[in-house]
Amino acid sequence: MEKIAVLTSGGDSQGMNSAIRAIVRTGIAHGFEMIGVRRGFKGLMENDFITLGTSDVSDILYRGGTFLQSARSDEFKTEAGQNKAINNLHEHGIEHLVVIGGDGSYRGAQALFNRGIKTYGLPGTIDNDIPLTDYTIGFDTTLNVVTNAISNLRDTMSSHERVSVIEVMGRSCGDIALQAGISSGVDAVLIPEFEWDIKEISDQLAKGFQRGKTHSIVMVAEGAGTAEDVASLIEKHSDLDTRPTVLGHIQRGGIPTAFDRIFTSRMGHKVIELIENEITGVALGMEKNEITYHSFDDIFDSENVVDKHLYQIFQDLI
Ligand SMILES: Nc1ncnc2c1ncn2[C@@H]1O[C@H](COP(=O)(O)OP(=O)(O)O)[C@@H](O)[C@H]1O
Ligand SMILES: O=P(O)(O)OC[C@H]1O[C@](O)(COP(=O)(O)O)[C@@H](O)[C@@H]1O
């Protein structure tokens with residue numbers, strides 16, 4: 001029986017469990033033996049493998065995080081680290097490795113692919129920063145978590161007539177800030193992909209209060225600056241009372257949305273189909289509601305771009 005291993009790597013994201021479940025159950029249904037690797041590439045080097053049956057992935061569909069755990073490993077970036085991983089895969093007779101992770105994890109998957117292991121990538125990161133896919137796993141859930149958190153902040157900001165400056169994750173990508181900014185109806189979104197003028201923003205916020213607004217919300221992507229710096233700059237340019245909030249890792253938790261569960265179930269199913277059709281060295285994603293795949297090389301040659309039209313929509317809504 002051919003063996004397929006699966007691991008989760010880098011920052012976890014809501015929906016990784018659902019992806020593992022879909023890969024394992026579809027793999028078993030199609031006659032493969034399924035193996036889980038615990039703690040990402042670290043576990044791959046340390047031989048931390050477990051056999052996965054249908055009931056081992058019960059009760060995880062609706063849980064955030066990843067029951068296989070995740071890790072970051074500098075050792076795996078070295079040739080010696082990769083040799084250990086490859087030896088372990090050979091020892092277990094594993095031919096195929098599905099890597100659920102972000103851009104860094106894809107680099108790792110590609111390195112193994114270049115050295116003869118059949119690898120496949122699923123875009124597991126809340127950041128939505130992977131090219132050639134409209135969504136990444138967990139992004140939708142994170143948008144909902146951020147939207148709910150903002151609604152809590154609004155209550156207290158309103159009572160005290162304050163400006164709330166909220167910092168969200170995303171590394172160098174502004175998608176979480178922009179899209180949660182639209183869903184929350186915030187007053188300004190600062191993202192690394194576009195320039196802004198803090199004096200102009202402060203003047204606009206002050207005008208809002210003069211018109212009778214009781215609070216304002218400013219969203220900052222971590223790649224564009226810190227909530228603390230932006231809040232003090234607004235206070236420098238206005239007489240508004242501001243409070244910075246860093247949402248932090250709370251954004252990476254929570255019950256995966258139906259979208260993330262369906263998206264991951266579709267990709268999990270598709271990756272088994274690709275294995276059966278001997279298509280390898282590819283990463284999956286969704287484009288225009290179709291599950292698609294591209295070679296790791298094509299993904300690394302492409303640029304992830306923010307949706308400029310969405311940014312324009314936001315500008316017209318404030
Ligand atoms: N250039 C690389 N070559 C091999 N492995 C890599 C490379 N870059 C990252 N990795 C592996 O992938 C892991 C996860 O990458 P990281 O960037 O932390 O998260 P993500 O996959 O979410 O972007 C790293 O800890 C490392 O083990
Ligand atoms: O959890 P850590 O290691 O502090 O990393 C925080 C980073 O992880 C993320 O949540 C996800 O990033 P990756 O998917 O690239 O790992 C980023 O938004 C954030 O900057």
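Of note:
- For region 271-291, the set of residues classified as open to solvent by 30 Å² or more (accessible area, probe 1.4 Å) and touching a helix residue (DSSP H, G or I) at 6+ places or on another chain (Cβ under 9 Å) consists of Glu273, Ile279, Thr280, listed by residue number.
- Complete set of residues in region 100-127 that are more than 10 Å from ligand 2 (Cβ to nearest atom) and either of a type in the set (Lys, Arg) or in a loop (DSSP other than H, G, I, E, B) (or both): Arg107, Arg115, Gly116, Ile117, Lys118
- In region 4-39, residue nearest to ligand 1 (Cβ to nearest atom) [restricted to those that are of a type in the set (D, E, K, R) and surrounded by fewer than 22 Cβ atoms within 10 Å (Cβ to Cβ)]: Arg39
- Out of Glu278, Glu303, sole residue that is touching a residue at least 40 places away in the same chain (Cβ under 8 Å) and not in a strand (DSSP E or B): Glu303
- With respect to the conditions (1) farther than 26 Å from Gln204 by Cβ; (2) in contact with a helix residue (DSSP H, G or I) (Cβ under 6 Å, 6 or more places away or on another chain), Pro244 falls short on a single one, namely (1).
- Restricting attention to region 116-151, the residues that are of a type in the set (A, V, I, L, M), closer than 29 Å to Leu44 by Cβ and buried (at least 24 other Cβ atoms within 10 Å of the Cβ) total 4.
- Among the residues of region 73-99, those identified as within 16 Å of ligand 2 (Cβ to nearest atom) and assigned to a helix (DSSP H, G or I) are Phe76, Lys77.
- Taking the criterion of being of a type in the set (S, T, N, Q) and either outside any loop (DSSP other than H, G, I, E, B) or under 9 Å from the mean Cα position of the chain (by Cα) (or both), the residues of region 128-149 that qualify are Asn128, Thr136, Thr141, Thr142, Asn144, Thr147, Asn148.
- Residue within region 63-70 that is assigned by TED's automatic domain parsing to the domain that holds Ile100, more than 16 Å from ligand 2 (Cβ to nearest atom) and modelled with pLDDT of 95 or more present: yes
- Residue list for region 90-137, filter: of a type in the set (Ser, Thr, Tyr) and away from ligand 1 (no atom under 12 Å from the Cβ): Tyr120, Thr133, Tyr135
- Residue selected from region 40-72 under the condition away from ligand 1 (no atom under 13 Å from the Cβ), assigned to a loop (DSSP other than H, G, I, E, B) and of a type in the set (Asp, Glu), by the criterion most open to solvent (accessible area, probe 1.4 Å): Asp59
- The residue list Met169, Met157 contains one member that is crowded, with 19+ Cβ neighbours inside 10 Å and either touching a helix residue (DSSP H, G or I) at 6+ places or on another chain (Cβ under 6 Å) or at pLDDT below 95 (or both), which is Met169.
- Which listed residue is modelled with pLDDT of 95 or more and either in contact with a Ser or Thr (Cβ under 6 Å, 6 or more places away or on another chain) or part of a loop (DSSP other than H, G, I, E, B) (or both), from Pro256, Pro244: Pro256
- Extreme residue, least open to solvent (accessible area, probe 1.4 Å), among residues of region 181-201 that are closer than 13 Å to Met219 by Cα and part of a helix (DSSP H, G or I): Gly181
The values are calculated or read from the model by the stated rules, or taken from the named source; none is laboratory data. Note that this is a predicted model, so its numbers are computed, not measured. Cβ coordinates were reconstructed from backbone atoms using ideal geometry, including for glycine residues, and neighbour counts include every protein chain displayed. Accessible surface is based on the protein model in full, side chains and every heavy atom, while ligands, DNA and RNA are left aside. Shrake-Rupley method; radii C 1.70, N 1.55, O 1.52, S 1.80 Å.
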